[in-house]
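The values are calculated or read from the model by the stated rules, or taken from the named source; none is laboratory data. Since the model is a prediction, treat every value here as computed from it, not as a measurement. In this analysis, Cβ positions are derived from the backbone assuming ideal geometry, glycine residues included, and neighbour counts consider all displayed protein chains.
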Amino acid sequence: MNTSTNTTTSESKELSTIDMVLLFVVVLLPVVCNLAYTIYRFITKKNTGRRVAVNTIPVALSLTASYLSANTIMGVPAIMINQGLTYWFLILVFPISMAIVAHLILPVTYNANLPDIYKYLELRYSRWFRLLGAAVFCILQMVYLSIVLHGPAIFFELILKKDSTVSIISIGLICSLYTALGGLKANTYIEAFQLITMFIGLLAIVISTFSSRNVAEVFYNATINDTAASMFQEGKNYSVTSTIIGGTVLYASIYAVNQSQVQRYFSCSSLKKAKWSLWLNSPGLIVIVSLCCMLGAVLRTSELKKESKIDKQAARFMVEEVDVGVAGLFVAGVFNATMSSISCGLSATNSVLFRNLLPKCITQMRNSEVASSILSFFVGILCIGLAILIKNQQGILKASFSFYGIFCCPMFGIFILGIFFPFVHKWGALVSLIVTIPFLLSLYIGNTMMPNPDFAKPLQNLYSINFFWYGPLGITMVIIIGIVFSKIIGGFQDPSDVPRYLLSPITLKIMDRRKKYEPEGDEKFYLQTMDSTETQKLNVSDA
């Protein structure tokens, strides 16, 4: 396998005129549509604050587009340069994750009419638990969106020869303005267009790179060092086990309790349509991740110029080694993926802030929609500042998955406790969250600071855990600690104290079955009398 790197310092090949025209047309079209929709809304005084019904297919496409950011389009091929094709096993987890969300979580949250998913925490636990969950989400989103900005910034730096800081600021301002302009329904249909653009760009670059190569030879060279033992070996690298188990938990968490996704399928007019939007989202994820992995196989078997970041290595190859027109389409797909992810993320963060964390004097203003747009732009500015602070972060995909595992998965565990364990009270859930998130964060910091841990030392060995395990570890800790401390702190609460609509149908069946066979009144007194009589007879016979 040829994985040598070319250390020459020759000038980068610039995009052609055709590439630049394609790039600007495809990127500016969604911005123009959003601006037109904003003007239409202003003229007609149309209210977008209510729940809007969107068709199933646009919602499914929007679900796919909102998560598949530049982190995926660039990050997946980049990580496969050094770690092989093990990541491709992730496509197996999408149907499993969607089934978990659609049939175990969604029936509770949708039927409870909870467009703000963190309202559930108030109904199940308490008001301050809702505030805590909303704060955790906002922190996660700002960190994640700051990482998302790095993907197109790398291309911007390569194409226009500008410093990465200038690239981050420019792209961040464009995305923040784009989000502040549009409403949810406009963004939903525009993101469907953006997903099509992402798909066409990916497909074009895959066809272009494979057209001059032998497909069988590419995959043979890409997997020649990937033995069965190495693919299942645990450590910092991906393994089949960590990818499937960790990926299932991670994606289930994202689609179950992340407001960015919840606000999408909640716009469906019925529970059945919301479920279908999740199921139809799965094939889109499989196709796009597969295309990214095919591109990663080409990168793994190609000579790449040496760069300070592996993501930049991948970006340079995609710009310089493909046909005229293809590079422009692909970079446009990356930009659209970024705008889609940031618009969805900022919209969700803005919604959570307005409904949960801001005082009523602001949320009940006459021009609350204007205030919402200003807040969305302000949050975007914060993300730009954070992106500049962490611009030296290595591996955008690893960083984004790590933070979702640290923050989103424990929160999913809290929802699991609430939906399936009615005897767990708020104090047990609180202790589990306070313990789990700092512990996972310490693992990530240790993993980052110790790139080559000493496996003979237990603490450093702990830091070597692959980030895909953060999610399963976090949920397991939350459930166990929540149950144990609910028993320790005041004992289990009465399950009947929890409103039935906040519990899973499975939980309700178990509760009703136990209640059905529990004797009451005269029957209970009779059985107790019979038990005592039988006990006395046994004692006499034993004597």
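Computed quantities for the displayed model
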item	result
Odd one out for VAL435 among (1) at pLDDT 90 or above; (2) out of contact with any Ser or Thr (no Cβ under 9 Å at 6 or more places or on another chain); (3) more than 14 Å from ILE480 (Cβ to Cβ)	(3)
Qualifying residue in region 218-229 (condition: in the same structural domain as MET80 (by TED's automatic domain parsing), modelled with pLDDT under 80 and surrounded by 22 or more Cβ atoms within 10 Å (Cβ to Cβ))	yes
Answer from GLU157, GLU122 - the residue that is among the acidic types (Asp, Glu) and more than 30 Å from PRO505 (Cβ to Cβ)	GLU157
Members of region 183-217 found to be modelled with pLDDT under 65 and assigned to a loop (DSSP other than H, G, I, E, B), listed by number	GLY183
Of all residues in region 126-143 being buried (at least 24 other Cβ atoms within 10 Å of the Cβ) and not hydrophobic (A, V, I, L, M, F, W, C), the one that is farthest from LEU417 (Cα to Cα)	GLN141
Failed item, numbered, when ASP116 is tested on (1) over 25 Å from ALA60 (Cα atoms); (2) within 18 Å of the chain's Cα centre (by Cα)	(1)
Answer from SER267, SER282, SER351, SER343 - the residue that is touching a helix residue (DSSP H, G or I) at 6+ places or on another chain (Cβ under 9 Å), outside any helix (DSSP H, G or I) and either closer than 24 Å to TYR144 by Cβ or of a type in the set (S, T, N, Q) (or both)	SER267
Lone unmet requirement of (1) touching a Lys or Arg at 6+ places or on another chain (Cβ under 7 Å); (2) at pLDDT below 90 for LEU502	(2)
Boolean, VAL331 is crowded, with 24+ Cβ neighbours inside 10 Å, within 29 Å of SER176 (Cβ to Cβ) and at pLDDT 85 or above	no
Qualifying residue in region 442-459 (condition: in contact with a His (Cβ under 7 Å, 6 or more places away or on another chain), surrounded by 13 or more Cβ atoms within 10 Å (Cβ to Cβ) and either modelled with pLDDT under 90 or in a loop (DSSP other than H, G, I, E, B) (or both))	no
Qualifying helices (runs of 4 or more DSSP H) (wholly inside region 79-181; at least 3 residues being touching a residue at least 40 places away in the same chain (Cβ under 8 Å), under 21 Å from THR64 (Cα atoms) and assigned by TED's automatic domain parsing to the domain that holds ASN350)	93-100, 106-111, 127-148, 150-160, 164-181
Near pairs, Cβ below 6 angstrom, 6+ apart or cross-chain, from region 269-294 (in contact (Cβ under 8 Å) with a residue 12 or more places away in the chain) to any residue that is assigned to a loop (DSSP other than H, G, I, E, B) and of a type outside the set (Lys, Arg)	SER269/ALA53; ALA274/CYS268; SER277/CYS268; ILE288/LEU68
Flag for LEU15 being surrounded by 13 or more Cβ atoms within 10 Å (Cβ to Cβ), touching a helix residue (DSSP H, G or I) at 6+ places or on another chain (Cβ under 7 Å), at pLDDT below 70 and closer than 30 Å to ASN214 by Cα	yes
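Every residue, every condition in (1) among the hydrophobic types (A, V, I, L, M, F, W, C); (2) touching a Phe, Trp or Tyr at 6+ places or on another chain (Cβ under 7 Å); (3) in a loop (DSSP other than H, G, I, E, B), yes or no:
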| site | (1), (2), (3) |
| --- | --- |
| LEU397 | yes, no, no |
| PHE401 | yes, yes, no |
| ILE406 | yes, yes, no |
| VAL424 | yes, no, yes |
| GLY428 | no, yes, no |
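Yes/no per residue for (1) under 30 Å from ILE207 (Cα atoms); (2) in the same structural domain as ASP116 (by TED's automatic domain parsing); (3) surrounded by fewer than 22 Cβ atoms within 10 Å (Cβ to Cβ); (4) at pLDDT below 80:
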| site | (1), (2), (3), (4) |
| --- | --- |
| GLY325 | yes, yes, yes, yes |
| ALA337 | yes, yes, no, yes |
| PRO359 | no, yes, yes, yes |
| SER368 | no, yes, yes, yes |
| SER373 | no, yes, yes, yes |
| PHE378 | no, yes, yes, no |
| CYS383 | no, yes, no, no |
| LEU386 | no, yes, yes, no |
